[in-house]
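Each value in this text was obtained by applying a stated rule to the coordinates, not by laboratory testing. Remember, it's a predicted structure, so these values are computed and weren't measured experimentally. Quick reminder, even Gly has a Cβ in these numbers, built from the backbone with ideal geometry, and neighbours come from all protein chains shown.
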Amino acid sequence: MHEQTQHTPNPTPQPIDTKALDQASDDALHDLIGKAQALLTQRENSRKREAIFKIKELAKAHGLDVTIEPTKRGRGRPRKKD
């Protein structure tokens, strides 16, 4: 059984202290960027799992069986062969 993830909305937006960023070392900024990218990836994945769960739940309620698989190719048109 799929565990439903509880989506937590983004916390109350608080301004980021740009003065602190200006004074931070390069290593500290790289660390912050890495943590921010990881957090954004977690949120995106959580939203995707929640959407897939809701789609499957809705389909099941209407007697349908839905399978959602990741795409196997990139987005857009395939490249033209030269």
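In this structure, does Gly76 turn out to be of a type outside the set (A, V, I, L, M, F, W, C) and not in a helix (DSSP H, G or I)?
So Gly76 fits the description; yes.
Check whether at least one residue in the range 45-56 is of a type in the set (A, V, I, L, M) and loosely packed, with under 12 Cβ neighbours inside 10 Å, and report yes or no. Before you say what the answer is, go through the steps one by one.
So in the range 45-56, the residues of a type in the set (A, V, I, L, M) come out as 51-52, 55.
Adding the requirement that they be loosely packed, with under 12 Cβ neighbours inside 10 Å leaves none.
Scanning the range 45-56, I find no residue that is of a type in the set (A, V, I, L, M) and loosely packed, with under 12 Cβ neighbours inside 10 Å, so the answer is no.
When you go through Leu64, Leu39, Leu58 one by one, which is the residue that is among the hydrophobic types (A, V, I, L, M, F, W, C), without any contact (Cβ under 8 Å) to a residue 40 or more places away in the chain and not in a helix (DSSP H, G or I)? Can you show your working first?
Values: Leu39 fails: not in a helix (DSSP H, G or I); Leu58 fails: not in a helix (DSSP H, G or I).
So the residue among Leu64, Leu39, Leu58 that is among the hydrophobic types (A, V, I, L, M, F, W, C), without any contact (Cβ under 8 Å) to a residue 40 or more places away in the chain and not in a helix (DSSP H, G or I) is Leu64.
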